[in-house]
Amino acid sequence: MSQSNYEWKNPEWLFNKVTGYIFGIILLFTTLALLVGSFRLFYGLYELSMKSGVTGNYMHIFSDVLTLVILLELSRSLFQYFMEHTIRLPVIFDAGIVFVLRDIMIGLFEHKLKTDDIYALSALLFVLGALRIGFGFYYGCKPESSAVSKQAQKVLDSKK
């Protein structure tokens, strides 16, 4: 009997297959959400250009753009995990920083943030930024493991 007939009995193989399918479905829906969000953003820009006053309406579009950036960063992280089975924390921290900045900007513009909230979000932003800088140093010292960086290293080695 062949080895492939008994692969499904291996719990690690089964786990990898199931999580692969789940991540594929999540990526599909995330991509659809990005497409729908982009379409709604452009439609909102069209509606905004048809109105006479744009000063009060641009905050909604600004919020939508930042939300799409957060969704894009998180989908990039999921895609990287799906392809390389590794998570790069700087990408997740970038999305977190953008999310906190989005809340601060919207709250300040709408005058809904209290002083305590501003201090708490500023402290959170400081910690996220410090961790992001630390990850930059950590990942900057280690060689990349992606296929693109391996190909770039081959090109550099061939020129020597």
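The values are calculated or read from the model by the stated rules, or taken from the named source; none is laboratory data. Computed from a prediction, not measured in an experiment: that's the story for all the values here. Quick reminder, even Gly has a Cβ in these numbers, built from the backbone with ideal geometry, and neighbours come from all protein chains shown.
Cβ-Cβ contacts under 7 Å between residues 6 or more apart (or on different chains), taken from a first residue in the range 1-26 that is under 24 Å from Glu84 (Cβ atoms) to a second residue that is acidic (Asp, Glu) and at pLDDT below 85, are listed as Trp13/Glu7.
Yes or no, residue by residue, for (1) in contact with a Ser or Thr (Cβ under 8 Å, 6 or more places away or on another chain); (2) of a type in the set (Phe, Trp, Tyr); (3) farther than 29 Å from Glu12 by Cβ:
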| residue | (1), (2), (3) |
| --- | --- |
| Ile22 | no, no, no |
| Ala33 | no, no, yes |
| Phe39 | no, yes, yes |
| Tyr46 | no, yes, yes |
| Thr67 | no, no, yes |
| Phe82 | no, yes, no |
| Met105 | no, no, yes |
| Lys114 | no, no, yes |
| Tyr119 | no, yes, yes |
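Residues in the range 81-110 that are β-branched (Val, Ile, Thr) and within 25 Å of Phe137 (Cβ to Cβ): Thr86, Ile87, Val91, Ile92, Ile97, Val98, Val100.
Evaluation of Leu34 against the conditions (1) modelled with pLDDT under 80; (2) within 18 Å of the chain's Cα centre (by Cα) shows that the sole unmet condition is (1).
Taken over the range 85-130, residues that are in a loop (DSSP other than H, G, I, E, B) and not β-branched (Val, Ile, Thr) amount to 7. All of (1) out of contact with any Gly (no Cβ under 8 Å at 6 or more places or on another chain); (2) modelled with pLDDT of 80 or more hold for Leu68 with one exception: (1). Residue-level analysis places Lys154 outside the set of residues that are exposed (fewer than 12 other Cβ atoms within 10 Å of the Cβ) and either touching a His at 6+ places or on another chain (Cβ under 6 Å) or modelled with pLDDT under 55 (or both).
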